[in-house]
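Student: First the structure, which I've put down as structure tokens, then a few questions once you've had a look.
Every number here is computed from the coordinates shown, using simple stated rules; none is lab data. None of the values given here were measured: they were computed from a predicted structure. Please note: Cβ atoms are built from the backbone with ideal geometry, for glycine as well, and neighbour counts cover all protein chains shown.
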Amino acid sequence: MFEGLKDMGKLMKQASEMKAKMKRVQEELKKVRVSGTSEGGKIEIALSGELECLDVSIDPSLIVAGNTSLEKSVMKAFNDAARKAKELATSKLSDISGGLNLPGL
């Protein structure tokens, strides 16, 4: 009868430890800087690990009146940086969860 309680206590301790580790990873991700580029590096967007935009750099040679492809190139650089940030976050969080597919992570 008491074996079940011991197992429950162990599970609660593991859950608490996992929660603390996840909080540390979230704090780390705030400090991480991931860059995405397009147009051969002429457009660069830097994001935090939490997908907050930190910097946008556009080579002046691309800023020409009527250049309608600039917006698409900026989106491409943003998406590149976002993909890298998501991959980093997924990698760090899967280390904690032991590869379990946890909803919301």
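Student: Mark the label point 7 Å from the Cα of Ile58 along Cα→Cβ and return the residues of the stretch 73-93 whose backbone N is within less than 15 Å of it.
Tutor: Counting backbone N atoms under 15 Å from the label point, the list is 73-79.
Student: Between their Cα atoms, which of Lys42/Lys84; Lys10/Lys86; Lys21/Lys84; Lys19/Lys76; Lys31/Lys76; Lys10/Lys92 are more than 27 Å away from each other?
Tutor: Values: Lys42/Lys84 18 Å; Lys10/Lys86 31 Å; Lys21/Lys84 21 Å; Lys19/Lys76 34 Å; Lys31/Lys76 23 Å; Lys10/Lys92 24 Å.
Pairs exceeding 27 Å: Lys10/Lys86; Lys19/Lys76.
Student: Then there is this: Most exposed first by the Cβ proxy, i.e. fewest other Cβ within 10 Å, how do Met18, Met12 rank?
Tutor: On the way: Met18 15, Met12 10.
Least crowded to most crowded, the residues run Met12, Met18.
Student: Ok, one more. Tell me, what is the percent relative contact order of the chain, built from C-alpha pairs under 8 Å that lie six or more residues apart?
Tutor: On the way: 114 pairs, mean separation 27.2, N = 105.
The normalised contact order for the chain reaches 26 percent.
Student: Please state, rounded to one decimal and in Å, the Kirkwood hydrodynamic radius that the stretch 1-88 gives when every pair of distinct Cα atoms enters the mean of 1/r.
Tutor: On the way: mean 1/r = 0.0639 Å⁻¹.
The answer is 15.6 Å.
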